[in-house]
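The values are calculated or read from the model by the stated rules, or taken from the named source; none is laboratory data. Just so we're clear, the structure is a prediction, and the values are computed from it rather than from any experiment. When we count neighbours, we look across all protein chains shown, and the Cβ atoms used for this are built from the backbone with ideal geometry, even at glycine.
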Amino acid sequence: MNKPTIIITGANGFLGKYLVDYFRIKKWKIKAFVHSFPKEKYEDVTYVQYNLEECKESTYFDGVDFLIHAAYLRYEKNTNADEINLEGTRKIVSICTQKKIKVAFLSSFSAHDKAISHYGITKLRCEELFDLEKDIVLKIGFIIGEKGILSEMIGRMKTSSIFPLVGGGVQPLQTIYIEDLGKIIEKTLIKKELTGVFKVAHQEVVTMKVFYKELAQRLGRKLIFIPIPTFMLYLACKFFEGINVKIPISSESVLGLKKLTTFETKEDQKKIEVKLKSFQESLDLILK
């Protein structure tokens, strides 16, 4: 039986790179759409230089069965990012509709009607471009993987005994282990009956403070947690951004933290039939 051919946009990003590895193990044929070519390439992966402003000609989509749309341009890098993301996604949808390619759009729990960050608002607007009778929108919780935001958290905890709690760390968090997410993406793509919006994260809700303390305990770190008012951190971020000084957090991230929300995920988990690991189990696997 021939293995499917899949396009992964944003294949240089944290999640995109993981998905390239995931589907390579499954022996799928992969076209990795990347903003810039990686220094080390897989011989069995076709790399295509791509950005959201200049969508590739439709011939690049010939013979493709599925597409995972993970590419996203952040507002911090380009103040026109919102429209670039929307137009780039619109082009992807148009070509995939013509070619009858099933698409999985990777969205976020940050995308909801009360979002105030560019990221959350734009992701939600992009969701609306998809035909939910044939495509998939995955609203994804906080991903626990070896890289990404968790890696940054671990780095900070290992190098400092003081750890900030934005807004006191009361924000709600729902997590998903990266391998569970890979299984969900694969299953929702190959099963024709699975279309529409799926909220994917473990149903358990914990606060950011509880999550940080669990992580610090597993790292053997005794940290002093310092609450920082959200508005003060936001103003500080805007100040440093205004003078082009890079700091570990952006004003966009602060806005995202301010409006973190939760979703009911149990029913979607039943439909997809992938049992998700708790955040404690996920951390144990990453830090083993």
Condition met for Val48 (in contact with a strand residue (DSSP E or B) (Cβ under 8 Å, 6 or more places away or on another chain) and either part of a helix (DSSP H, G or I) or charged (D, E, K, R) (or both)): no
So which residues in the range 21-72 are surrounded by fewer than 18 Cβ atoms within 10 Å (Cβ to Cβ), β-branched (Val, Ile, Thr) and touching a Phe, Trp or Tyr at 6+ places or on another chain (Cβ under 7 Å), if there are any at all? Val48
For the range 129-162, what are the residues that are surrounded by 19 or more Cβ atoms within 10 Å (Cβ to Cβ) and either without any contact (Cβ under 8 Å) to a residue 40 or more places away in the chain or of a type in the set (Phe, Trp, Tyr) (or both)? Phe130, Phe142
With respect to the numbered conditions (1) surrounded by 16 or more Cβ atoms within 10 Å (Cβ to Cβ); (2) modelled with pLDDT of 95 or more; (3) over 30 Å from Ile92 (Cβ atoms); (4) in contact with a strand residue (DSSP E or B) (Cβ under 8 Å, 6 or more places away or on another chain), which one is the sole condition not fulfilled by Val170? (1)
Of the residues in the range 73-84 that are of a type outside the set (D, E, K, R) and not in a helix (DSSP H, G or I), the one that is surrounded by the fewest Cβ atoms within 10 Å (Cβ to Cβ) is Thr79
Residue count, the range 1-42, condition over 21 Å from the mean Cα position of the chain (by Cα), hydrophobic (A, V, I, L, M, F, W, C) and within 13 Å of Ile185 (Cβ to Cβ), comes to 1
Mind telling me which of the residues Glu193, Glu152, Glu179 ends up being over 19 Å from the mean Cα position of the chain (by Cα) and of a type in the set (D, E, K, R)? Glu193
Every residue in the range 85-111 that is surrounded by fewer than 18 Cβ atoms within 10 Å (Cβ to Cβ) and under 18 Å from the mean Cα position of the chain (by Cα), please. Leu86
Within 27 Å of Thr59 (Cα to Cα) and among the acidic types (Asp, Glu): is that true of Asp135 in this structure? yes
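Matching residues to (1) at pLDDT below 95; (2) crowded, with 18+ Cβ neighbours inside 10 Å:
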{"residue": "Ile247", "(1), (2)": "yes, no"}
{"residue": "Ser251", "(1), (2)": "yes, yes"}
{"residue": "Val254", "(1), (2)": "yes, yes"}
{"residue": "Leu257", "(1), (2)": "yes, yes"}
{"residue": "Lys270", "(1), (2)": "yes, no"}
{"residue": "Leu276", "(1), (2)": "no, yes"}
{"residue": "Glu281", "(1), (2)": "no, no"}
{"residue": "Leu287", "(1), (2)": "yes, no"}
Among the residues of the range 25-34, is any assigned to a loop (DSSP other than H, G, I, E, B) and touching a helix residue (DSSP H, G or I) at 6+ places or on another chain (Cβ under 6 Å)? no
